[in-house]
1. Go over the candidates B:ILE92, B:ILE107 one by one and state the one that is at pLDDT below 90, within 14 Å of chain A (Cβ to nearest Cβ) and farther than 30 Å from B:ALA207 by Cα.
2. Does A:LYS25 satisfy the criteria of being charged (D, E, K, R), touching a Pro at 6+ places or on another chain (Cβ under 6 Å) and assigned to a helix (DSSP H, G or I)?
3. Given the residues B:VAL368, B:VAL361, which is the only one that is surrounded by fewer than 16 Cβ atoms within 10 Å (Cβ to Cβ) and either among the β-branched types (Val, Ile, Thr) or in a helix (DSSP H, G or I) (or both)?
4. From the residues in region B:1-34 that are β-branched (Val, Ile, Thr) and closer than 19 Å to B:LEU279 by Cα, which one is modelled with the lowest pLDDT?
5. Does B:ALA262 meet the test of being modelled with pLDDT of 85 or more and within 14 Å of another protein chain (Cβ to nearest Cβ)?
6. Could you tell me which residue of region A:48-67 is nearest to the other protein chains (Cβ to nearest Cβ), considering only residues that are more than 19 Å from B:PHE73 (Cβ to Cβ) and among the small types (Gly, Ala, Ser)?
7. Evaluate region B:353-361: report whether one residue or more is without any contact (Cβ under 8 Å) to a residue 60 or more places away in the chain and within 24 Å of B:LYS296 (Cα to Cα).
Amino acid sequence: MKIQVYGKGCPKCHDLTHNVQEALKEIGKEDKVEHVADINKITEKGIMLTPALVIDDEIVSEGRILSVDDIKKAIMDK
Amino acid sequence: MKNSSKFLISIAVFLGFYYLPIELLPFRNPIFEALALAKWYAREHVLLCLVPAFFIAGAISVFISQAAIIKYFGAKAKKILAYTVASVSGSILAVCSCTVLPLFSGIYKRGAGLGPAIAFLYSGPAINVLAIIFTARVLGWQLGFARAAGAVIFSIVIGFLMHLIFLKEERERHAQGNFAVPEEEPSRPLWKNAIYFSSTIGILIFANWAKPGASDSGLWVKIYQFKWFITAIFGIVLALVLISWFKKDELKKWITSSWEFALQILPLLLLGVLVAGLLLGRVGHEGIIPSRFVEKLVGGNSLFANFFASIFGAFMYFATLTEVPILKGLIGAGMGKGPALALLLAGPALSLPNMLVIRSVIGIKKTVVYVALVVIMAAISGIIFGILVK
């Protein structure tokens, strides 16, 4: 599974990344979280509001810090 | 570190400065000035101004649908509407440059184009509620108002000029598909949100109603006499609104997001206050930089003073809100009101690091033109403002 957090590196992006890692740990997966900070890549993806969570190239959330539970649900649904 | 311990530390630092026994210190020098200034901010501006402002900023980010605004920036959106929304939406969408830049890039490449993108880029950091409230409170309402009005007018003018200057390129460039607008269901009708926001803003305005001067009369004085009464009415309205219309879950989100703003902004702001105190001292006292230097460079309302302030502001990086204590220090040391506005209009919108990011999105030529437009217009408005308030 490919898990990416898009954002220019503000505190909110770090919080989202942290929650994703936490969610992965709770599920027992060892996938890496990739952080995409390049602004042109963020735009190419069609993301307007950061931080955004992208799982397997699909935008799961934009402009919000998802909770650990929400992220677990999103990963399970894949 | 846990949030609760971070919260306790913030309270401890605040109380520390609030009750700082600076009179007992044996020295009178720049370090004394830095501490004294921090104490003054802790006493005068934290509880009544910053704390409510954080709650308002938090409420905006949680309860106003950002998606609803972004749709006005789409490739097919009406241009006039796109400019108008871009010039004011910073007050709702943006608090830090990390939000502004992805939106700017998206509007430019996939949405309404260069003009509205530039308008948003410029007004975003300048017009956010925290900045306007704090500027008006610390530097006076004239500067706060001039900053807000200047930011809105500037952003439209600069955006439109950029559009005209690069008209040919814009026509040849085709938008690369639209962007997706995330869908959200509004949880409460608009009028309920309107009452909610006006009651929070009412509390903020009337709790901070400034003491009337000797020359003021009439309504201003009357309102001042009853300010706590008026504030209390707004407080009761807010309490009723919260109890009857809001879910517990929403309130929790509101508190969390307000706390995040506070956590993000306060440490840097404290640092800004200490540096301003160290370098410039309080009003009527000197820090490390002698007042005559400040007066020579940016005193009065000359062409040089205004341009110096606007160029300095354009390249310097200010963390959110720190421009305010630094300006307060500069004004205390003899900076003119005109150059102060020039710095306010050029400063938060631009900095060397964000110029580099902008360049990677729109290229070097457009970036240079944009920076030049901002610097020149900021300086000119400074001169006009300087003449008006004299």
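The values are calculated or read from the model by the stated rules, or taken from the named source; none is laboratory data. Since we're looking at a predicted model, the values are computed, not measured. Cβ atoms come from the backbone with ideal geometry, glycine included; neighbour counts cover every protein chain shown.
1. Working: B:ILE92 fails: farther than 30 Å from B:ALA207 by Cα.
Unique residue meeting the criteria: B:ILE107.
2. Details: charged (D, E, K, R): yes; touching a Pro at 6+ places or on another chain (Cβ under 6 Å): no; assigned to a helix (DSSP H, G or I): yes.
Answer is no for this residue.
3. Numbers: B:VAL361 fails: surrounded by fewer than 16 Cβ atoms within 10 Å (Cβ to Cβ).
The unique qualifying residue is B:VAL368.
4. Within region B:1-34, the subset β-branched (Val, Ile, Thr) is B:9, B:11, B:13, B:22, B:31.
Subset that is closer than 19 Å to B:LEU279 by Cα: B:22, B:31.
On the way: B:ILE22: 75, B:ILE31: 81.
The qualifying residue modelled with the lowest pLDDT is B:ILE22.
5. Values: modelled with pLDDT of 85 or more: yes; within 14 Å of another protein chain (Cβ to nearest Cβ): yes.
Criteria met by B:ALA262.
6. A:SER61
7. Filtering region B:353-361 down to residues without any contact (Cβ under 8 Å) to a residue 60 or more places away in the chain leaves B:353, B:355-356, B:359-360.
Going one step further and asking which of them are within 24 Å of B:LYS296 (Cα to Cα), we end up with none.
There is no residue in region B:353-361 that is without any contact (Cβ under 8 Å) to a residue 60 or more places away in the chain and within 24 Å of B:LYS296 (Cα to Cα).
Every residue, every condition in (1) more than 18 Å from B:GLY332 (Cα to Cα); (2) over 23 Å from the mean Cα position of the chain (by Cα), yes or no:
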site	(1), (2)
B:TYR224	yes, yes
B:GLU260	yes, no
B:VAL275	no, no
B:ARG282	no, no
B:GLY287	no, yes
B:LEU297	no, yes
B:ASN301	no, yes
B:PHE308	no, no
